[in-house]
1. Full-extension gain between Thr174 and Ala298, please, as 0.36 nm times their residue separation minus the C-alpha to C-alpha distance.
2. For the chain, with only Lys/Arg (+1) and Asp/Glu (-1) charged at the beta-carbon, what is the dipole magnitude about the Cα centre, in debye rounded to 20?
3. Would you mind working out the accessible area per residue for the chain, using a 1.4 Å probe, and quoting it in Å²?
4. Go ahead and run the numbers for FRET between Asp378 and Ala264, Cβ-Cβ distance against an R0 of 25 Å, rounding to 0.05.
5. Provide the per-residue ³J(HN,Hα) series for segment 46-55, in order, calculated from phi with Karplus coefficients 6.51, -1.76, 1.60 and θ = phi - 60°, each as a whole number of Hz, with x at glycine and proline positions.
6. Considering only protein heavy atoms and a probe of 1.4 Å, how much of the accessible area of segment 326-411 is carbon and sulfur, as a whole percent?
7. Check which residues have an amide H placed less than 5 Å from Asp83's amide H, if you skip close sequence neighbours.
8. Distance in nm between label sites at Arg14 and Lys360, each 7 Å beyond Cα in the beta-carbon direction?
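The values are calculated or read from the model by the stated rules, or taken from the named source; none is laboratory data. Note that the structure is a prediction, hence the values are computed from the model and not measured. Counting neighbours? That spans all protein chains shown, and the Cβs are built from the backbone with ideal geometry, glycine included. Please note that ligands, DNA and RNA were not included when accessible areas were found on the heavy atoms of the full protein model with its side chains. Shrake-Rupley method; radii C 1.70, N 1.55, O 1.52, S 1.80 Å.
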Amino acid sequence: MSTHDAVEVITTKRDGGSLSDSQIDWVVDAYTRGDVADEQMSSLAMAILLNGMEQREIARWTAAMIASGERMDFSALSRPTADKHSTGGVGDKITLPLAPLVAACGVAVPQLSGRGLGHTGGTLDKLEAIPGWRAALSNEEMMRQLEEVGAVICAAGDGLAPADKKLYALRDVTGTVEAIPLIASSIMSKKIAEGTGALVLDVKVGTGAFMKDLDRARELARTMVALGTDAGVRTTALLTDMSTPLGLTAGNAIEVAESVEVLAGGGPADVVELTVALAREMLAGAGVDGVDPADKLADGSAMDAWKAMIRAQGGDPDAALPEAKESHVVSAPATGVLTRLDAMAVGMAAWRLGAGRARKEDPVQAGAGVVWHARPGDEVTEGQPLFTLLTDEPARFERALASLEGGYDVEPAGTAYEPSSIVLERID
Ligand code: URA
């Protein structure tokens with residue numbers, strides 16, 4: 001006989017009440033087993049979205065989702081572990097240089113990643129552009145690679161927080177993704193179950209991000225930091241700007257190429273700045289000091305770790321990357337200063353060119369995406385290339401061009417431009 005029933009749990013939250021620990025344990029478990037129906041859970045998710053949850057409820061909900069599956073344990077490794085989670089942005093390739101960089105500093109990085117859905121790209125989609133590279137590893141392979149190379153970026157297995165997998169798919173189709181308690185518990189259940197010792201959260205704010213305003217981003221970051229800390233994971237968060245896309249590329253192979261430039265000691269300044277800032281947080285969380293990640297980019301050791309990481313997963317780090325069959329250049333409409341480049345417009349264009357997917361089962365094009373040839377604050381000359389659009393299917397150009405329209409401003413030379421910093425706030 002069950003201890004609760006779904007209608008009682010739903011009405012408690014519908015009427016603005018707090019769910020008890022036993023109601024939460026019961027409903028998460030019963031939903032995962034199929035005893036609570038999708039329509040009942042979607043009603044509860046909507047009540048949570050509208051009425052919120054206390055931190056105690058969120059922590060219990062997170063624990064219940066962790067308990068629905070396996071928990072990994074890296075305590076047998078000879079080095080400490082640290083991981084990063086980004087809430088997702090346009091041109092956000094940071095995981096690619098970050099994981100080998102932190103490994104080169106002596107901390108193991110067990111990065112379980114996902115594929116992209118919608119306008120933000122997925123880390124696995126980017127890495128799959130590398131010939132031979134495979135995302136699926138067994139737990140034993142992952143452990144061996146962490147010990148030998150120090151960094152793994154692979155697909156999360158089905159065993160981790162299966163309750164979240166089921167609930168996230170339901171939220172996606174019921175308008176309940178945006179609830180902060182549900183986002184925080186979804187992200188943190190997977191990160192805590194993954195078994196990392198330290199965690200840095202990159203919470204994006206701006207037009208291209210999930211969280212469009214600073215207040216909501218701060219609330220999400222604080223909620224997640226509290227969940228991690230209470231679960232014994234040393235957790236900090238950086239709130240970072242996502243009104244402008246990161247770097248100069250959004251796509252798959254082209255983002256890999258840009259990451260390799262960063263690992264070679266070059267690359268766009270914003271990508272380098274954010275990579276190094278996140279690496280410092282991870283090292284501090286893992287208790288490693290006296291190592292400056294910027295030195296490991298400069299001396300080639302981060303690049304060595306990258307090559308070892310790619311090879312260990314079957315990839316050839318020296319192979320040519322796939323290129324799109326077709327390209328289309330958008331020229332600067334006037335001479336002046338690029339004062340705005342909207343992350344959402346660029347993200348939508350890359351997605352429409354085939355770099356992202358509309359449904360989970362869709363394939364992505366490795367070579368598709370957008371390259372921009374100037375960043376806000378740069379001077380441009382009328383007629384110079386401003387964007388290069390890449391795809392295998394030229395029919396896609398028209399809709400991609402439509403999404404870029406209105407997504408950037410070129411103003412007369414001398415127009416004041418206030419550069420904004422990439423890291424907006426730190427939360428611990
Ligand atoms: N990413 C997740 O993993 N879960 C959410 O709910 C939102 C973003």
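1. Result for the pair: 39.9 nm of gain on full extension.
2. 460 debye
3. 40 Å²
4. On the way: r = 22 Å, r/R0 = 0.89.
The formula returns an efficiency of 0.65 here.
5. Computed from phi, the couplings for segment 46-55 are 5, 5, 5, 4, 7, 10, x, 9, 6, 4 Hz.
6. C and S atoms contribute 48 percent here.
7. Here the answer is Ala198, Leu199, Val200, since their amide H atoms fall under 5 Å of that of Asp83.
8. Using points 7 Å along Cα→Cβ, the separation is 2.8 nm.
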